[in-house]
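Structure first, commentary second.
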Amino acid sequence: MEKKAKLAEVAQRLHRAFGPLEKRPGGDPLDLLIGTILSQNTSDLNRDRAYAELKRRFPSWEEVLSAPVEEVERAIQGAGLHRQRAARIKEVLRRLLEERGSLSLGFLRDLPDEEAVRWLLSLPGVGKKTAYIVMLFSLGRPFFPVDTHIARVTRRLGLLGEREEPHSALAPLVSKGKEAELHLYLIRLGREVCLARRPRCQACPLPDLCRYVLSKLDPALRPLLQEGDPPPLLVQYENGKREPVHVNREGMLALAANPKVRYLEPAKKLSPKEER
């Protein structure tokens, strides 16, 4: 299947699996930018707590800018890397005030996409993911932010090469107007199902589209990814061990998800000697 068509199919299935989006990021672009800086390399819960404490102590960004950096560090300590983040946040605010005359990113709405992104990327601690989140969710521009979950999922699906730059490789594959929905669905899939160390393939709506799963299955077993239980299987492990098992479809997918399993094939391929 061609990659763009495959990603469109992925989007449709995730919509069916997860249902309509309940909420999405948005609001003031400066608020979202600073919230995203706080979210880097930490959980949503830690980000939300740090952001809430920052706003509790300093209700305006002007107060954050004028506060000693140590006080800002204490406010956002729960997000981790608080010294680095506090310095970056204050530098972003300083740059805004010096270059634009006010603590607002509203001027980005009047800039062409490339110019707006270039300005965001010039800020300390702002990479493509952070800049594209602001562009997409606050400014409504057609950008596709890629985080570690999305990169992992799309690599396993065979949509992103190991050495490809994720934003450049995936952006042309995303249907216009679907960027926000697909971004949020893929993150949810990566967090809840397509885990880094032990993916829960048996709970995934995409196993027949997944290169990670397909690479472990004998072609005779692949039609069973949609429905139907497999015959007795022969499991080949990385250590060379071979073991016959009899499992249902979910069990087959759980075996495929096991990083120690190299390959699954019908057990009938065992020789009479091996069967004994």
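When you go through Tyr263, Tyr185 one by one, which is the residue that is among the aromatic types (Phe, Trp, Tyr), more than 16 Å from the chain's Cα centre (by Cα) and closer than 28 Å to Ala17 by Cα? Lay out the reasoning, then the answer.
Working: Tyr185 fails: more than 16 Å from the chain's Cα centre (by Cα).
Exactly one of Tyr263, Tyr185 is among the aromatic types (Phe, Trp, Tyr), more than 16 Å from the chain's Cα centre (by Cα) and closer than 28 Å to Ala17 by Cα, namely Tyr263.
One residue is enough: does the stretch 32-41 have a residue meeting the conditions in a loop (DSSP other than H, G, I, E, B) and either more than 25 Å from Leu121 (Cβ to Cβ) or under 20 Å from the mean Cα position of the chain (by Cα) (or both)? Among the residues of the stretch 32-41, at least one is in a loop (DSSP other than H, G, I, E, B) and either more than 25 Å from Leu121 (Cβ to Cβ) or under 20 Å from the mean Cα position of the chain (by Cα) (or both), which makes the answer yes. Out of curiosity, is Leu234 closer than 26 Å to Ser43 by Cβ, among the hydrophobic types (A, V, I, L, M, F, W, C) and in contact with a Pro (Cβ under 9 Å, 6 or more places away or on another chain)? Here the answer is no, as Leu234 does not meet what is asked. One residue stands out among those in the stretch 94-105 that are surrounded by 13 or more Cβ atoms within 10 Å (Cβ to Cβ) and not basic (Lys, Arg): the one that is farthest from the chain's Cα centre (by Cα), which is Leu97.
Of the residues that make up the stretch 58-67, is at least one touching a Leu at 6+ places or on another chain (Cβ under 6 Å), buried (at least 16 other Cβ atoms within 10 Å of the Cβ), touching a residue at least 12 places away in the same chain (Cβ under 8 Å) and not in a helix (DSSP H, G or I)? No, the stretch 58-67 contains no residue that is touching a Leu at 6+ places or on another chain (Cβ under 6 Å), buried (at least 16 other Cβ atoms within 10 Å of the Cβ), touching a residue at least 12 places away in the same chain (Cβ under 8 Å) and not in a helix (DSSP H, G or I).
Residues Leu139, Leu120: which one is more than 15 Å from the chain's Cα centre (by Cα) and more than 18 Å from Glu181 (Cα to Cα)?
On inspection, the qualifying residue turns out to be Leu120.
Determine, yes or no, whether Leu160 is assigned to a helix (DSSP H, G or I) and surrounded by 18 or more Cβ atoms within 10 Å (Cβ to Cβ).
Values: assigned to a helix (DSSP H, G or I): no; surrounded by 18 or more Cβ atoms within 10 Å (Cβ to Cβ): yes.
No, not satisfied.
Only one of the listed residues (Glu179, Glu227) is surrounded by 14 or more Cβ atoms within 10 Å (Cβ to Cβ) and among the acidic types (Asp, Glu). That residue is Glu179. Scanning the stretch 29-45 turns up no residue that is without any contact (Cβ under 8 Å) to a residue 60 or more places away in the chain, more than 20 Å from Asp147 (Cα to Cα) and of a type in the set (Asp, Glu). Here Ala151 does not fit the description of being modelled with pLDDT of 95 or more, touching a Leu at 6+ places or on another chain (Cβ under 6 Å) and surrounded by 14 or more Cβ atoms within 10 Å (Cβ to Cβ). Kindly evaluate Pro124 against the criterion of being surrounded by fewer than 20 Cβ atoms within 10 Å (Cβ to Cβ), without any contact (Cβ under 8 Å) to a residue 60 or more places away in the chain and under 17 Å from Ser39 (Cα atoms). Considered against the rule, which asks whether it is surrounded by fewer than 20 Cβ atoms within 10 Å (Cβ to Cβ), without any contact (Cβ under 8 Å) to a residue 60 or more places away in the chain and under 17 Å from Ser39 (Cα atoms), Pro124 comes out as yes. The residue of the stretch 72-90 that is nearest to Leu33 (Cα to Cα), among those that are of a type in the set (A, V, I, L, M, F, W, C) and in a helix (DSSP H, G or I), is Ile89. Tell me, please, whether a residue that is without any contact (Cβ under 8 Å) to a residue 60 or more places away in the chain, assigned to a helix (DSSP H, G or I) and not aliphatic (A, V, I, L, M) can be found in the stretch 139-150. Checking the stretch 139-150: at least one residue is without any contact (Cβ under 8 Å) to a residue 60 or more places away in the chain, assigned to a helix (DSSP H, G or I) and not aliphatic (A, V, I, L, M). Highlighted here are the helices (runs of 4 or more DSSP H) found entirely within the stretch 165-276 that include at least 1 residues which are in contact with a helix residue (DSSP H, G or I) (Cβ under 6 Å, 6 or more places away or on another chain) and without any contact (Cβ under 8 Å) to a residue 60 or more places away in the chain: 166-170, 179-192, 211-214, 249-257.
Looking at Leu93, Leu14, Leu97, can you tell me which residue is farther than 23 Å from Met135 by Cα, of a type in the set (A, V, I, L, M) and part of a helix (DSSP H, G or I)?
The unique qualifying residue is Leu14.
Taken over the stretch 95-120, the criterion of being among the charged types (D, E, K, R) and touching a residue at least 12 places away in the same chain (Cβ under 8 Å) is satisfied by Arg95, Arg109, Asp113.
The values are calculated or read from the model by the stated rules, or taken from the named source; none is laboratory data. The shown structure was predicted, so the numbers you read here are calculated from the model rather than taken from an experiment. All Cβ positions, glycine included, derive from the backbone under ideal geometry; neighbour counts span all protein chains shown.
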